[in-house]
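See structure below.
Each reported figure results from applying straightforward, stated rules to the coordinates on display, with no laboratory input. This one's a predicted model, so the numbers in the text were calculated from it and none came from an experiment. Using ideal geometry, Cβ is built from the backbone for each residue, glycine included, and neighbour counts are taken over all protein chains shown.
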Amino acid sequence: MPEFSEKTGLIVGVANKRSIAWAIAQATARRGARLVLTYQGRFEEHVRELSEGLSTRPLVLPCDVASDADIDSVFARIGQEFGGLDFLVHGAAFAPREELASPFLNTSREGFRVALDVSAYSFVALARGAAPLMDKRGGGSMLTLTYIGSQRVFPNYKVMGVAKAALESTVRYLAADLGPRNIRVNAISAGPIKTLAAAGIGGFSRILDVYRERAPLRRNVEAAEVGEAAAFLLSDEGKAISGEVLLVDCGFHITGM
Ligand code: NAD
Ligand code: 0WE
């Protein structure tokens, strides 16, 4: 099963043990991947502690995805240490709290800018840094995490829905640019999972209840299951899939009423 032996991956978006990015780190590390994990300032302790539990010690670096300088230094370091890169996972998302608390109509210019910068543009910036390192390996696979609030209206998702729509479109334009270099670009659209980001959403347990009732599988998806699907798309098993948004939501998205 070591489909990731000889592969190096960069994973952006681990905050704590509940993070979907951490589930992807575990799923790929278990299959033999060597990892680079980045953290947003305040999560350094958590991420360093978690990283000690992986079979191969990852390289752990700071990266605020809103900073071009941080992104540049991450790729400079990966170039020095590994001379290439096989996969990239983008799991960063943020909208200012007040934007999620007030009606969408009242979204501020600055709130909109921040949400799209952190949650969508950052994937373009990371892809641009990763691509030359993937060229050194003859290709690669990039993956981001999205939510179906990009396509349909969910109460309280608001400007994050707009940011995820931009992110999903970004996946397609990046896939078109990078395909000729044998670099694939995909997204997983996960069902709701109780992570730190979700804990900041009012009424999240109600959302989990609705999904559990309505999803064909009559349950919610687990982070580890997103990790397995991610490992598939990141590995050579997914090597003919690019520009795709794969729903990993226990079938919820097919339901009408
Ligand atoms: P999480 O809170 O564990 O992860 C969000 C991450 O974004 C954190 O690690 C945080 O540090 C990072 N981040 C925010 N701003 C950043 C910045 N400026 N620079 C660097 N990192 C920054 O929560 P999660 O649920 O694991 O979220 C991961 C991804 O999965 C997000 O894109 C989220 O939208 C997506 N997603 C989550 C769910 C869910 O229900 N939890 C469902 C579908 C998609
Ligand atoms: O992308 C998300 C949430 C991301 C998020 C969360 C916060 C809370 C704290 C972005 N910015 C902030 N800003 C904060 O200040 N998800 C996919 C989780 C989520 O949020 C929902 C969902 C789901 C699922 C909101 C409504 C309905 C479903």
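Quick check: from the Cα gyration tensor, does the range 202-257 come out rounded (a/c under 1.5), prolate or oblate? Prolate is the answer for the range 202-257, as a/c is 1.5 or above and a/b outweighs b/c.
Quick check on the range 93-224: take the gyration tensor over C-alpha atoms, sort the square-rooted eigenvalues as a ≥ b ≥ c, and tell me if it's rounded (a/c under 1.5), prolate or oblate. Note, shape of the range 93-224 comes out oblate.
From its DSSP helices (H runs of at least four residues, each -39,500 (n - 2.57)), the chain gives a residue-normalised ellipticity at 222 nm of -12500 deg cm²/dmol. Counting only alpha carbon atoms, the long axis of helix 68-82 and the longest principal axis of the chain meet at about 40°. Shape analysis of the range 112-162 yields a ratio of the Cα radius of gyration to the Kirkwood radius, Rg/Rh, of 1.12.
Would you mind checking the tilt of helix 159-178 against the longest principal axis of the Cα atoms of the chain, expressed as 0 to 90 degrees and rounded to 10? So the inclination is approximately 30 degrees. With respect to the chain, whose longest principal axis is taken over its alpha-carbon atoms, helix 20-30 is tilted by about 30°. When the Cα gyration tensor is reduced to axis lengths a ≥ b ≥ c, the ratio a/c is 1.5 or higher for the range 1-108, and with a/b above b/c it is classed as prolate.
Over all other residues within a Cβ to Cβ distance under 12 Å of Tyr121, the charged ones net out to 0, with Lys and Arg as +1 and Asp and Glu as -1. Expressed per residue, the C-alpha convex hull volume of the chain stands at 123 Å³.
Computing Rg and the Kirkwood Rh from the Cα coordinates of the range 141-203 gives a ratio, Rg/Rh, of 1.06. The local environment of Asn106, defined by Cβ-Cβ distances under 13 Å, has a net charge of -1 under the rule Lys, Arg +1 and Asp, Glu -1.
Remark: the Glu237-Asp117 segment gains 40.0 nm on full extension, using 0.36 nm per residue and subtracting the alpha carbon distance. Other residues within the sphere of radius under 15 Å centred on the Cβ of Ala93, judged by their own Cβ, net out at +1 (K and R +1, D and E -1).
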